[in-house]
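**Q** Here's a structure for you.
The values are calculated or read from the model by the stated rules, or taken from the named source; none is laboratory data. Fair warning: this is a prediction, and the values are worked out from it, not measured in the lab. Cβ placement follows ideal geometry from the backbone for every residue including glycine, while neighbour counts extend to all protein chains displayed. Note: areas computed on protein heavy atoms with side chains; ligands, DNA, RNA excluded. Shrake-Rupley method; radii C 1.70, N 1.55, O 1.52, S 1.80 Å.
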Amino acid sequence: MGDVKLAGAMGLYLGVSIIPAMLTAFLSGSIVGLAIIAREGAAGRKKAVPFGVFLALGGLVGVLAGPELIELYEDNFLD
């Protein structure tokens with residue numbers, strides 16, 4: 001349950017910037033998972049991939065570009 005604790009701590013620290021951080025984590029984790037399945041076939045579905053690495057990547061995105069990404073979304077999609 002370390003991933004859950006990391007995500008909770010990220011939410012406390014990042015605030016609203018957790019949204020692009022989690023989106024980045026889920027998207028990058030999905031891409032790696034699909035690449036593993038494409039490479040190994042059906043046997044790749046049983047392979048465990050640690051999610052903490054992708055949460056850390058998302059945390060970096062949230063810290064470095066989170067507010068800008070939220071502002072970009074609000075300017076372009078919320079009218």
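**Q** Run the dipole for the chain about the Cα centre, Lys and Arg Cβ at +1, Asp and Glu Cβ at -1, nothing else charged, and hand back the magnitude in debye, nearest 20.
**A** For this selection, approximately 740 debye.
**Q** Can I ask one more? Could you work out how far apart the two model spin labels at SER30 and GLU68 are, taking each label as a point 7 Å from the Cα in the direction of the beta carbon, and quote it in nm?
**A** So the two model labels end up 2.4 nm from each other.
**Q** In sequence order, what are the phi-derived ³J(HN,Hα) couplings for the stretch 55-69 according to the Karplus relation 6.51 cos²θ - 1.76 cosθ + 1.60 with θ = phi - 60°, rounded to whole Hz, with x for glycine and proline?
**A** 5, 5, 4, x, x, 4, 5, x, 6, 7, 9, x, x, 5, 5
**Q** Now for a separate question. So what is the relative contact order of the stretch 1-76, in percent, for Cα pairs below 8 Å that sit 6 or more residues apart?
**A** Normalised by residue count, the contact order of the stretch 1-76 is 47 percent.
**Q** Loop only by DSSP, 13 or fewer other Cβ within 10 Å of the Cβ. Give me the trypsin sites (Lys or Arg not before Pro) in the stretch 1-78 that pass, ordered by residue number.
**A** Counting only loop positions with at most 13 other Cβ atoms within 10 Å, the trypsin sites (Lys or Arg not before Pro) in the stretch 1-78 are LYS47.
**Q** Of the residues ALA42, ALA25, ALA56, which exhibits the maximal mean-square fluctuation in a Gaussian network model of the chain defined by a 10 Å Cα contact cut-off?
**A** Judging by the Gaussian network model, the answer is ALA42.
**Q** Let me check I've understood the local charge: for LYS46, count other residues with C-beta under 14 angstrom from its C-beta, Lys and Arg +1, Asp and Glu -1. What total comes out?
**A** Its environment carries a net charge of +2.
**Q** Where only protein heavy atoms count, and the probe is 1.4 Å, what is the accessible area per residue for the chain in Å²?
**A** Accessible area per residue: 72 Å².
**Q** Could I ask something else about it? Quick check on the stretch 8-61: take the gyration tensor over C-alpha atoms, sort the square-rooted eigenvalues as a ≥ b ≥ c, and tell me if it's rounded (a/c under 1.5), prolate or oblate.
**A** In terms of gyration-tensor shape, prolate.
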